[in-house]
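Visitor: Take a look at this one; I'll ask things after.
Every number here is computed from the coordinates shown, using simple stated rules; none is lab data. On a predicted model such as this, the values are computed, not experimentally measured, just so you know. Here Cβ is always computed from backbone atoms with ideal geometry, including for glycine, and neighbour counts include all displayed protein chains.
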Amino acid sequence: MAGEKESAQQGGRGRSGALLGAPLEPAASIPLRFLGMGLFIAWLSCTHISLIFPGPDADLAMRNNFDLGMRLGDLTTFVVLALAARRLGVLSDHPRLLWLAVGLCTAGSLAEGLWILPATSSQPLNLAVSALTAVGGAFLFCLWGQIYSCMGKTQAITYGALSCVAALAASALVYTMREPFAIVATSAFPLLSLGCALASVRQLPPEHPADARQRYPLPWKLFAIMALGGLISGVSGSFMPTVAYMGSIHRITATGLFGVLTLGLVAVSRKRQDARMLAVITVPIALASLLLIPFAEGWFAYAVSFLAKLAFIFFTFLMLLIMTRIVHRFSVPSLRLFALTRFFTELPLLAGVLTQRWLMGSGLVSDMTVRVAMCLGGIVLLLICILIWKSEKSVNDDWGAAGVTIEGSVHTPTEAERIERRADELGRRFDLTRREQEIMLLVAQGKTRAQIEAELFLSENTVKTRIRHGYAKMGIHSKEEARALFDETS
């Protein structure tokens, strides 16, 4: 029992913003958290739009090889990061490695955009440099995963949506630039994103390092859903007109639209936001895009492509939100989890893209039988995703990824996990709404009204009203009583 208690105490250290009596985060919102992530998304998008990178006269074969090299570099780096995760520990603790990897990314982007793609025809050189360029992008993805895992749920959703809007704005700005300024600006995005990320790390609670006495199982159900979603997205683009750059333009436009829609949803929703909210939206959009595949002819194919991209953006954000909640609540080390998350999305996405190129090259893309078969196959894969999702007892739980002891495979709840469970228990006992429960948890942590307003993006009057209602239901009158009530609840 003493060993379990000590382990639980150690498991609660490090994620200070989630614990009672811990140091508080700054009350003001940090724009760098969404601007930096937005710049990273903009870099991913702009480097895949041939009108921008390297320009309208790009050679299609060189562009396809560049895309292939980027994906292969991504996959390789994510595997290496997953294997080295226990040795590396918390990724933000290695700033020199991060600057080196992201500097390589910027240098590779400049070399590809200014020289290799427009001025050479060397496919091996193109493939090698593009693969090296992707290394820094993989590091940035895992670093931003760590950062968003240190935020509260509402903050993660809101900042994530804002980053999508920022990505669209940055991409649109680059699109207005002339060569070579567009390429230089695109290449600078990774370095600017890393600067924002490292500044954000200093403003957030530190990530809890891995406990050497525990092992951390992998959420295989989630990985299976990601793999199926990536395959559906990759193949569904097969029925686009043969305009190479439009798929990427649709993706960044859908990203911005997703951000606007999500911000609107957060603003009007009176309930606490979670993964189920996004799942309800993702499924019908994905189903509609699949049902329209047989009719994707001419300009209507552009609409189908855009709908498919929008569905995949919702799907990706949903999966990443679940991962951030697993890390946040169960103190699971983020590096391996996010590296494998991206790997299991990118690998089937690559398979889908290669299938797409084969279908378009063979002319089968115009065969109605193939279209109907693709439509039905996609719907079957979507149904499998739904069945896997439904098989999990709680989509907001750990999905089997919470740490367990090496000997005995026993899970010792972390402090963050215990306090959230206590909040759920109090919510049921006093019939609190989800929002009231969320606010009372922050009150018990000693946060001021201004800090609660900043974290949940609520007005002063709304916070005052919810606190008053929560106090009345719980029969208390102060923060001290709220904290005592949280402490005494088993």
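Visitor: Put a dot 7 Å past each Cα toward the Cβ at L287 and T462; how far apart are the dots in nm?
Guide: 3.0 nm
Visitor: Right, another one. Dipole magnitude of region 334-461 about its Cα centre, charges +1 at Lys/Arg Cβ and -1 at Asp/Glu Cβ only, in debye to the nearest 20?
Guide: On the way: 15 positive and 17 negative charges, 65 e Å.
With only Lys, Arg, Asp and Glu charged at Cβ, the dipole is about 320 debye.
Visitor: Let me ask something else about it. So if R0 is 35 Å, what FRET efficiency would A303 and L97 give, r being the distance between their Cβ atoms, rounded to the nearest 0.05? Numbers along the way, then the final one.
Guide: Values: r = 44 Å, r/R0 = 1.25.
The value I calculate is 0.20.
Visitor: Roughly how many nanometres apart are two label points built 7 Å out from the Cα toward the Cβ at Q123 and F181?
Guide: Spacing of the two 7 Å Cα→Cβ label points: 3.6 nm.
Visitor: Semi-axes of the equivalent ellipsoid of the chain: what are they in whole Å, largest first, if each equals the square root of 5 times a C-alpha gyration tensor eigenvalue? Walk me through the numbers on the way to the answer.
Guide: Working: eigenvalues 322, 121, 97 Å².
Over the Cα atoms of the chain, the ellipsoid semi-axes are 40, 25, 22 Å.
Visitor: Any idea what the dipole of the chain comes to, in debye rounded to 20, about its Cα centre with Lys/Arg Cβ at +1 and Asp/Glu Cβ at -1? If you can, show how the numbers build up before the last one.
Guide: Numbers: 44 positive and 35 negative charges, 158 e Å.
Using Cβ point charges on Lys, Arg, Asp and Glu, the chain gives about 760 debye.
Visitor: What length, rounded to one decimal in nm, is gained on full extension from D59 through to S366, with 0.36 nm per residue of separation minus their alpha-carbon distance? Show your work: numbers first, answer last.
Guide: On the way: separation 307, 0.36 × 307 = 110.52 nm, distance 2.47 nm.
Length gained between D59 and S366: 108.1 nm.
Visitor: Which angle between 0 and 90 degrees, to the nearest 10, do you get for helix 434-444 versus the longest principal axis of the chain when only C-alpha atoms count?
Guide: 60 degrees
Visitor: Using the Kirkwood radius built from alpha carbon pairs, what does the Stokes-Einstein equation give as D for region 415-488 at 25 °C and 0.890 mPa s, in µm² per second? Numbers along the way, then the final one.
Guide: Numbers: Rh = 12.1 Å.
So the translational diffusion coefficient is about 203 µm²/s.
Visitor: Counting pairs on different chains as well as pairs 8 or more places apart, how many Lys pairs in the chain have Cα atoms under 14 Å apart? Display every interim value, and only then the final one.
Guide: Numbers: K153/K271; K221/K390; K221/K393; K447/K464; K447/K479; K464/K479.
Lysine pairs meeting both conditions in the chain amount to 6.
Visitor: Against the 2.2 N^0.38 Å scaling, with N counting residues, where does region 295-384 land? I'd like the Cα-based Rg ratio to two decimal places.
Guide: 1.38
Visitor: At each listed q (0.13, 0.17, 0.27 Å⁻¹), what is the log10 of I(q)/I(0) that the Debye formula gives for region 137-214 modelled as equal alpha-carbon point scatterers?
Guide: -0.52, -0.79, -1.33
Visitor: Step through the residues of region 368-378 one at a time and calculate ³J(HN,Hα) from phi using the Karplus curve (6.51 cos²θ - 1.76 cosθ + 1.60, θ = phi - 60°), rounding each to whole Hz and writing x for Gly and Pro.
Guide: 5, 4, 5, 4, 5, 4, 5, 4, 5, x, x
Visitor: Another one. Mind jotting down the distance between the C-alpha centroids of region 416-484 and region 80-153, whole Å?
Guide: 41 Å
Visitor: Under a plain spin-label model, where a point goes 7 Å from the Cα along Cα-to-Cβ, how far apart in nm are W358 and R202?
Guide: The answer from the label model is 5.1 nm.
Visitor: Give the range of the longest stretch in the chain that excludes all trypsin sites (Lys or Arg not before Pro) found in loop regions by DSSP and having at most 11 other beta-carbon atoms within 10 Å.
Guide: Details: sites that count: R178, R202, R270, K271, K393.
The reported range is 1-177.
Visitor: Give me Rg/Rg_expected for region 96-156, where Rg uses Cα atoms only and Rg_expected = 2.2 N^0.38 Å with N residues. Show your work: numbers first, answer last.
Guide: On the way: Rg = 15.3 Å, N = 61, 2.2 N^0.38 = 10.5 Å.
Relative to the 2.2 N^0.38 Å estimate, region 96-156 comes out at 1.46.
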